[in-house]
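Working notes for the structure below.
Taken together, the values in this text are just the output of simple stated rules run on the coordinates, not laboratory data. The structure presented is a predicted model; accordingly, all values stated were derived computationally and were not measured. Quick reminder, even Gly has a Cβ in these numbers, built from the backbone with ideal geometry, and neighbours come from all protein chains shown.
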Amino acid sequence: MRSRRSALWRIGIYAAVVAIIFVVVAATGSLPSAAEARDFGESLGGFAVAAYVPLFVIANFLITWPILAGAGGLLFGTAAGAPLALAGVTLAALAQMGVARFLAGEHVGALLPQRTRGIEEFLTRHGAVAVMESRIVPALPWGLVNYSAGLTRLRFRDMAFGTVIGAAPKVFAYTALGGSLSDLASPEAIVAIAVLVVLALAGAVFVRRQIAAERGAASA
């Protein structure tokens with residue numbers, strides 16, 4: 001019991017520290033826009049390509065991934081920026097999952113509240129497919145999924161595979177949109193916006209069907 005409480009304290013302290021840093025950075029106006037991130041990348045010169053993915057992983061602990069993906073599009077263009085951003089998103093997901101699992105220690109799989117225990121069952125039962133579906137659901141924070149997965153017994157391999165497949169369309173869309181901010185009427189920008197709209201609608205339909213399926217299973 002004491003070690004479980006210690007794990008919860010570790011997670012709580014980590015969450016509080018990240019939240020405080022985010023609030024301070026946001027309050028001081030230090031959160032960069034995609035254009036500012038691009039300018040920083042350009043200042044790195046030829047080292048930008050090698051530095052982009054590691055910096056993406058580190059920055060994603062505070063900055064949402066669409067901003068970072070958009071910066072990749074601004075800096076490298078869609079063709080080169082999309083795969084780099086996808087690598088960053090995937091490695092960031094694994095890093096956040098790893099942090100949560102490290103903090104949970106031996107209590108992995110036993111820290112989620114009872115009312116959310118279904119999350120663990122869904123993730124562990126469906127693995128990579130569950131991760132892919134979580135990337136499609138609209139308005140579901142990816143960081144929340146990453147950290148929550150670290151508290152379950154989901155395999156890192158499933159997180160990586162599910163993220164690569166499930167995140168690819170959105171990553172492409174945000175990268176293309178970032179690379180076309182100066183011309184939102186360009187074909188790339190139009191395609192990016194269309195992809196985001198279609199994914200949002202598909203995600204809404206998916207959520208509705210999942211809720212209906214859960215209700216059906218509960219009433220059976």
- Task: Obtain the nm distance between the two label points defined at Val49 and Ser6 by a simple spin-label model: each point lies 7 Å from its Cα along the Cα-to-C-beta direction.
- Result: 4.7
- Item | Nitroxide proxy distance, nm - points 7 Å out along Cα→Cβ at Phe102 and Leu144 | 2.5
